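For reference, the structure discussed in these notes is given below.
Just so you know, all these numbers are worked out from the coordinates, no wet-lab data involved. All values reported here derive from a predicted model rather than from experimental measurement. Virtual Cβ from ideal backbone geometry, glycine too; neighbours counted across all protein chains shown.
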Amino acid sequence: MRNESVVQVRGLVKRYGTRTAVDGLDLDVRAGTVTAVLGPNGAGKTTTVETCEGYRRADAGTVRVLGLDPVADAARLRPRIGVMLQSGGVYSGARADEMLRHMARLHAHPLDVDALIERLGLGSCGRTTYRRLSGGQQQRLALALAVVGRPELVFLDEPTAGLDPQARRSTWELIRELRADGVTTVLTTHFMDEAEELADDVAIIDAGRTVAQGSPEELCRGGAENTLRFTGRPGLDLGSLLKALPDGTAAAEPVPGAYRISGTVDPQLLATVTSWCAQHGVMPDGIAVERHTLEDVFLELTGKELRS
Ligand code: ATP
């Protein structure tokens, strides 16, 4: 079940006038997983997600969602998906609890509305109209509206942007509960910790294309160099150590007796370093491999310059 693709995007192109927002993008979302879509501002994430939701028509390429065409099969698809937009999409004059209960009644097997209100800390805002809610409360209500119908697939566009830490945690908890319930989630976010916490798969989008997709572990292992650290006798002959290591490896002693080896740190490199130490009568203490974070990989793939 988990390997079945519920969203399949191939060669998606979307233009706004002369601007190409999405430029031949591929994306796969496996059933029952959380897939985080990451990318710099303007990378094309929202456009891609909105095309999957059927709100935008592709200029080229194919998009299948739950086996359906999001535009041609919209009437069949809509009841099966939940959508939380970045902003708007909620009638501003309606009361929070009215809206949720109304939305729940439209679905055959909705979630328990009171439990959802409680989970998202919306208990005190039930009688308040949407327009009078705070930004964070509006955000949480939009999330509740997206999931109350117990959709098979839910699209969440930056669901925790602007939320306080408590609301962020309860949103994460809700997303985990949805996954435990078999719901597939597509989540766009700028928070790397959110992707690391929640995502089974991460797709990194840049300039309208997918530049990497895989589990956070795969991306962190494959995309970037790692660092090996150990301490030992000060003043080791790093030139001699480097001769034993593959080309492209760097070695430094930033503080006397503290050593840092940077490069592709794999089991072979670890074995070479320890064996060199053994040959030179060095006991490498506190030996540790530091893996790069998702943020390191993200910046490596998408660059460090600010996007316009
Ligand atoms: P962000 O992280 O800032 O939300 P994003 O990755 O979601 O960005 P999109 O909103 O998909 O990016 O935008 C991709 C590009 O398309 C941007 O250059 C944006 O200015 C442009 N764009 C998006 N919507 C429209 C529109 N309705 N008309 C014209 N250009 C648009």
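Assorted remarks:
- Calculated mean residue ellipticity at 222 nm for the chain: -9500 deg cm²/dmol, from DSSP H runs with n ≥ 4 weighted as -39500 (n - 2.57), summed, divided by the residue count and rounded to 500.
- Going from the fewest other Cβ atoms within 10 Å to the most, the residues Val113, Val273 appear in the order Val113, Val273.
- Residues Thr231, Thr189, ranked from the fewest to the most other C-beta atoms within 10 Å, line up as Thr231, Thr189.
- For the chain, the longest principal axis of the C-alpha atoms and the axis of helix 267-279 are separated by about 30°.
- Counted charge near Glu158, where neighbours are those whose Cβ lies closer than 10 Å (Asp, Glu -1; Lys, Arg +1): -1
- Tilt relative to the chain, helix 165-180 - C-alpha long axis, 0 to 90 degrees, to 10: 80 degrees
- For the chain, a Gaussian network of Cα nodes joined below 10 Å ranks Leu85, Leu106, Leu187 by mean-square fluctuation, and the top entry is Leu106.
- Global form of the chain, assessed from the alpha-carbon gyration tensor, a/c cut-off 1.5: prolate
- Highest mean packing comes first when the peptides 242-251, 292-301, 151-160 are listed by Cβ atoms within 10 Å, giving 151-160, 292-301, 242-251.
- For the chain, the longest principal axis of the Cα atoms and the long axis of helix 135-147 meet at an angle of about 80 degrees.
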